[in-house]
Each structure stands twice: as structure tokens, then as C-alpha cells.
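Enquirer: One structure coming up, written as C-alpha cells, with questions to follow.
The values are calculated or read from the model by the stated rules, or taken from the named source; none is laboratory data. Not measured: the values here are computed from a predicted model. Cβ: placed from backbone, ideal geometry, glycine included. Neighbour counts: every protein chain shown.
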Amino acid sequence: MRPEVAVTGIGLVTPAGHTPQENWSELCRGRSLAATDPLLAGLPVDFSCQVTGLDAAAELGRSVTLRMDPFLRFALIAARRAVTDADADPRAWNGDRVGVVLGVGGNSLDTYPTVCGHLGTGAPTRVSPLTVPRSAPNMAAGEVAIDLGARGPNFTTSSACASGATAIGVARDLLRSGACDIVLAGGSESARSRMTAACFARMRALSRRREQPHLASRPFDAARDGFVLGEGAAVLVLERLSSARARGARVLALLRGYGATADAHHPIAPHPQGAGTVRAITAALEDAGCAPHDIGLVNAHGTSTPANDALEAVALRRVFGDHMPLVTASKGVIGHALGAAGAIQAAYTVLALRHARVPPVANFGSQEGDPELNIVAGAPRPLPKDAGISCSYAFGGQNAVLLFTAA
């Protein structure tokens, strides 16, 4: 039999707060945190969901903070907090058996415009020697390993907006195979860069509600018009259940299923019948030994874009039919953190199972034209069953679905 994998710690740094408790409180309020962003001033879309109130210098030291771009700082702080939450001691663990797998969708796009500006003006000597180590995607996992003495497998997954979910699924497999005893898994990203905002605006993927940014992110709502840029990190501490029990750890949830597929259809558009999405959800159910009627919660990808939400609704209807679980979508509150989104959603799914409640979708009024979903709106609702899935989909047609059950 395959060993069960437990979640024993959660670290979160998001626009909703820097602890699981703060995040849960904001999710249950069901209000968008989008606001005008001075960093994006003058652009066609000038608002985002921002991480605020985080004193990275106080936690990491000034010199470390200055040499890191935001996604590295978020990753390191979230990892430290996850380890503390798991009551694990890096000074005591066997670092050779501790792995780190973090998802990063792109890299630090706020650094490269500065570098390109120096090169464009013929001043290559002004390019910082720290440019590569502060911006390369793999450095999130690398910096966490250095800080916490994790000397096992260490790498970054990059499957665009599914990166964080992919990282957690791969980490689960490392534990099942016996390659590691503990894996720190999740994702980190800061989509708040002028380059990112300009690129997505040109694609018409972002909401244009500049006058009312707090109403912009509205997953599955009939009036949705695009997503809102976000940022943050989530790290889960994963262990085999037997090991967690042996050390007396608190078990937050079990990671029972993982499904990953490719649409193999189009660079940015999802499959018109949601075929890859359906296969990913079905694979996660089969991996966990669950049926559709066993699931009480879907934490949907729910970007708030017209096409993606419609096709996700199609896929959910195809899988669940008359057994539709409660559906929530956290991007209504915190925006879209791209490569970190799947990891943040996974953490939120674990919190929902712990609290036996499903947070509402921010700004949701009604569905029109899409297959009907059982969307939670207005206020949290009781979770009727002890299993939930977290769904992540991405450019390139990459799909990743995680299935958790209550401990």
C-alpha cells in the first residue's frame, strides 16, 4: 500500500495576511483586497492585490532582504513559518532527508526592465552582479534550503499558474517513493511588476475596473471581465503520516490525490470542452480512491476571466453532474498570484477542511450562460463532507488538481 501523506504545517504570505488565521478571517469576510497600486501608475491597469505590512528586514535581516526580490522574500518567510507551524526543528532534523519543491511561474520581472535599461543605454557595467541570483526561479527553493539546512532534493516547478499545485503533487510523490522524510512544498510569485501588468493588459486578460478595483475580481460572476494581479507565497510541510504520528506532530489534513494533465490544444486558450481539466480532476479522484459524491468542496481556479471560468464550469459539471460540491474561488479576495496561486489555494483548502466551512466568492452576484455551479456567496457555508479538491490550470494547457481530506 502507498503511504499516506500528511500536511503538518502551513506558512502563508498573501494580501490577506501573513498567518493562516489572518488569511482565514479575510477569506470568510469575502471582500476583495484589490486597490490602486502606485507601482503600476500610468498603466492601462493600475491596481492589484498587494502584500502589505510585511517587515521583511525585521524577519530576514536588512542585508538578506536587499539582495532578494519579493518572490524570494515571500518564499523564505512562508517556509520559516510553515516549519514553525509544524513544530519542526531544522537544527534537529536530518537535512539529507528534507526536500524543497517550490513552484514559480515566471521570475522577477521587476528586475529585468532595469537591466534592459542599462543595456539599452550602453551601460553594461551598471548591471548588478546580483541580478541572476535574485531573479532566477530556482533560487526560491535554493534560498529556503540554505536557510533551513534542507539538503535533499531541491528544485523548482514551472507550469505557469499551476506551478504551486504541481510542486505539492511532486513533493507528495517524493515522500511516497521514500526519497525524503519531509518536503517543504508550495509556490511563490509577485505579479506586481510593470512588465507583467503591461503584458497581461495587452492580452486583455486583466479587469479594467480602474474606478472600482474592489469590484474587479469576480470569479464565475456574469459581469466578470478579467483577473487582478496578486502576489504572495504558501508553503506546506509534508510528511508521511506514519512519521508525523511518530514525532507527535499535529496533522492538519491528508494529501490523498494528485492529478496532472495537458490539454495539448492551444498556447493560452483552454480546451473548448474542458477535456484536460476533466481528466486532471478524474485522475485526482482515482488516485485518492474517491468518487465524485465524496467531495464536499471545490476550490476552483476561478480567475474571473470570461472564457476560463466558463470552461471550468463546463468541466466541473461534466465530472460532478448532480453531485456538485460547494464551489469557492479565493482569487476574488486576493487576486491571482500566478505561480503561487495553486499553493495558496491548497493551503486554503486545508484550512477549509480544518474549520469545516467554505468561504464565499467575493463579488459574486449570479451566473448567466455558464453551467450552473453550487457557488458559495455572501457568507461561509458549512462543509458537508470531509474531502475537497483544489484546481489549478495554466497557459500551455497544464492542469494540476490536488485532493485533500480532513485528518
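Enquirer: If you go through segment 276-295 one residue at a time, how many are crowded, with 20+ Cβ neighbours inside 10 Å and more than 22 Å from the chain's Cα centre (by Cα)?
Expert: 0
Enquirer: To continue, here is another question. Going by the conditions given, is Gly378 at positive phi and in a loop (DSSP other than H, G, I, E, B)?
Expert: yes
Enquirer: Tell me which residues, restricted to segment 107-127, are without any contact (Cβ under 8 Å) to a residue 60 or more places away in the chain, surrounded by 14 or more Cβ atoms within 10 Å (Cβ to Cβ) and among the polar types (S, T, N, Q).
Expert: Asn107, Thr111
Enquirer: When you scan segment 343-356, do you find a residue that is out of contact with any Pro (no Cβ under 8 Å at 6 or more places or on another chain), assigned to a loop (DSSP other than H, G, I, E, B) and either under 18 Å from Ala185 (Cα atoms) or touching a residue at least 24 places away in the same chain (Cβ under 8 Å) (or both), even just one?
Expert: No: segment 343-356 contains no residue that is out of contact with any Pro (no Cβ under 8 Å at 6 or more places or on another chain), assigned to a loop (DSSP other than H, G, I, E, B) and either under 18 Å from Ala185 (Cα atoms) or touching a residue at least 24 places away in the same chain (Cβ under 8 Å) (or both).
Table: residues versus (1) over 24 Å from Val235 (Cβ atoms); (2) β-branched (Val, Ile, Thr); (3) in contact with a helix residue (DSSP H, G or I) (Cβ under 8 Å, 6 or more places away or on another chain).
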| residue | (1), (2), (3) |
| --- | --- |
| Pro3 | no, no, yes |
| Ala6 | no, no, yes |
| Thr14 | no, yes, yes |
| Pro44 | yes, no, yes |
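Enquirer: Mind listing whichever residues of segment 327-342 are touching a strand residue (DSSP E or B) at 6+ places or on another chain (Cβ under 8 Å) and either within 19 Å of Asp221 (Cα to Cα) or without any contact (Cβ under 8 Å) to a residue 24 or more places away in the chain (or both)?
Expert: Across segment 327-342, the qualifying residues are Val327, Thr328, Ala329, Ser330, Lys331, Ile334, Gly335, His336.
Enquirer: On to the next question. When you scan segment 108-149, how many residues do you find that are in a helix (DSSP H, G or I) and among the aliphatic types (A, V, I, L, M)?
Expert: Qualifying residue count, segment 108-149: 10.
Enquirer: Still on this structure, I have one more. For residues in segment 62-83 being in contact with a Leu (Cβ under 9 Å, 6 or more places away or on another chain), within 22 Å of Leu184 (Cα to Cα) and of a type outside the set (A, V, I, L, M), which is surrounded by the fewest Cβ atoms within 10 Å (Cβ to Cβ)?
Expert: Residue satisfying both the conditions and the ranking: Arg80.
Enquirer: Does any residue of segment 39-48 turn out to be of a type in the set (Phe, Trp, Tyr) and within 16 Å of the chain's Cα centre (by Cα)?
Expert: no
Enquirer: Quick check on segment 41-61: of everything there that is outside any helix (DSSP H, G or I), out of contact with any Leu (no Cβ under 9 Å at 6 or more places or on another chain) and among the small types (Gly, Ala, Ser), which residue is surrounded by the fewest Cβ atoms within 10 Å (Cβ to Cβ)?
Expert: Gly42
Enquirer: Look through segment 62-88, keep the residues that are outside any helix (DSSP H, G or I) and modelled with pLDDT of 95 or more, and return whichever of them is nearest to Ser163 (Cα to Cα).
Expert: Residue satisfying both the conditions and the ranking: Ala86.
Enquirer: Select from segment 218-234 the residues that are in contact with a Lys or Arg (Cβ under 7 Å, 6 or more places away or on another chain) and of a type in the set (Asp, Glu) and write down the one among them that is surrounded by the most Cβ atoms within 10 Å (Cβ to Cβ).
Expert: Glu231
Enquirer: Quick one: which of Gly105, Gly164, Gly152 is outside any helix (DSSP H, G or I) and under 20 Å from the mean Cα position of the chain (by Cα)?
Expert: Testing whether each residue is outside any helix (DSSP H, G or I) and under 20 Å from the mean Cα position of the chain (by Cα) leaves just Gly105.
Enquirer: Which of the following residues is touching a strand residue (DSSP E or B) at 6+ places or on another chain (Cβ under 8 Å), of a type in the set (Asp, Glu) and in the same structural domain as Ala300 (by TED's automatic domain parsing): Asp370, Asp386?
Expert: Residue meeting the stated conditions: Asp386.
Enquirer: Another one. Restricting to segment 149-182, what's the tally of residues that are over 23 Å from Glu231 (Cα atoms) and either touching a residue at least 60 places away in the same chain (Cβ under 8 Å) or charged (D, E, K, R) (or both)?
Expert: Here the count works out to 11.
Here is a yes/no grid of residues against (1) surrounded by fewer than 21 Cβ atoms within 10 Å (Cβ to Cβ); (2) under 17 Å from Gly9 (Cβ atoms); (3) at pLDDT 95 or above:
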residue: Asn138; (1), (2), (3): yes, no, no
residue: Gly152; (1), (2), (3): yes, yes, yes
residue: Gly164; (1), (2), (3): no, yes, yes
residue: Arg172; (1), (2), (3): no, yes, yes
residue: Ile182; (1), (2), (3): no, yes, yes
